[in-house]
1. Please give the charge dipole size of the stretch 121-239, origin at the Cα centre, charges +1 on K and R Cβ atoms and -1 on D and E Cβ atoms. Round to the nearest 20 debye.
2. If one takes the longest principal axis of the Cα atoms in the chain, at what angle in degrees, from 0 to 90 and to the nearest 10, does the Cα axis of helix 206-217 lie?
3. For Lys106, list the lysines whose Cα falls under 16 Å from its own Cα; do not include residues on the same chain fewer than 8 positions away.
4. Starting from the Cα-Cα distance between Asn258 and Glu168, subtract it from 0.36 nm times their residue separation and give me the gain in nm to one decimal.
5. For the stretch 70-207, list log₁₀ I(q)/I(0) at each q in 0.14, 0.19, 0.20 Å⁻¹, using the Debye formula over Cα point scatterers of equal strength and ignoring solvent, two decimals each.
6. What length, rounded to one decimal in nm, is gained on full extension from His223 through to Ile130, with 0.36 nm per residue of separation minus their alpha-carbon distance?
7. Identify, among Val15, Leu82, Leu169, the residue whose Cα sits farthest towards the positive end of the charge dipole of the chain, taking +1 on the Cβ of Lys and Arg and -1 on the Cβ of Asp and Glu, with the dipole about the Cα centre.
8. Mind ordering 84-90, 124-130 by average Cβ neighbours within 10 Å, highest first?
Amino acid sequence: MKIPIFQVDAFTSNVFSGNPAAVCPLEYWLEDKILQSIASENNLSETAFFVDHGGYFQLRWFTPQTEIDLCGHATLATAFILMNELNHSMKEVTFGTHSGELVVRKNKDLFTMIFPSREAKSCNVPDELIKALGIKPKEVLAARDYLVIYENENQVRSIKPYMAKLKELDRLGVIVTAPGNKVDFVSRFFAPAVGIPEDPVTGSAHCTLTPYWAKKLKKSKLHAHQVSERGGELFLENDNKKVSISGRAALYMEGTINI
């Protein structure tokens, strides 16, 4: 069996930055074990698989260790491949996913994803979380992930987490964030429990970051940087129960998987 594969750097205009994702178009769904094996072999934070059902696309995402319910950068990467490589006339795509229907629209080189809002609430703060991050935060909230708020960008950049302790926490991942020096806010994202020590750029984390900072800064449109080593840029809009996440992408590689 031969499966096409593309590798796309998402939330950037240039290769070697942003968040790399693999995208695999399928004619039909393969066994989950095979999908997971491909994602493990790729060893990227996410591999996206999609099946075209007459213009309606079923989409799934796998980390090297498990399937997840929502992934922003691999959704952007998949939309980029569909609209830039496979169908140049397409300007909008709807994906059926485990998180419901997701719409992505293209405007020149910018791709806008309409995602569900995941507002963080107050929570019990595990001692292990603070110990693992090493710097005392201003506030800790939680949605799917822990949302850890710091005073300034320098603190977020300087965190060197103890991954073994983060791996023991009861949430998928940990978002750390603070006001930005040149943008509205910055963030980083750690999810060692699902095989992602630090994710370069995390669209799904901004489903939680966007409503938080929109309320805090009293503005609906936001500009953000994820300040990982590779870095990424996101343009965001908060709209009640939805979040618009926009970014660019660059094709790095295309090839064939042989199974």
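Bear in mind that the values in this text are calculations on the coordinates, not laboratory data. Please read these numbers as outputs of a predicted model, since none were measured by experiment. Cβ coordinates were reconstructed from backbone atoms using ideal geometry, including for glycine residues, and neighbour counts include every protein chain displayed.
1. 260 debye
2. The angle comes out at about 40 degrees.
3. Within reach: Lys91.
4. Going from the current span to full extension adds 28.8 nm.
5. Summing over Cα pairs of the stretch 70-207 leads to -0.71, -1.08, -1.15.
6. Roughly 30.7 nm would be gained on extension.
7. Leu169
8. 124-130, 84-90
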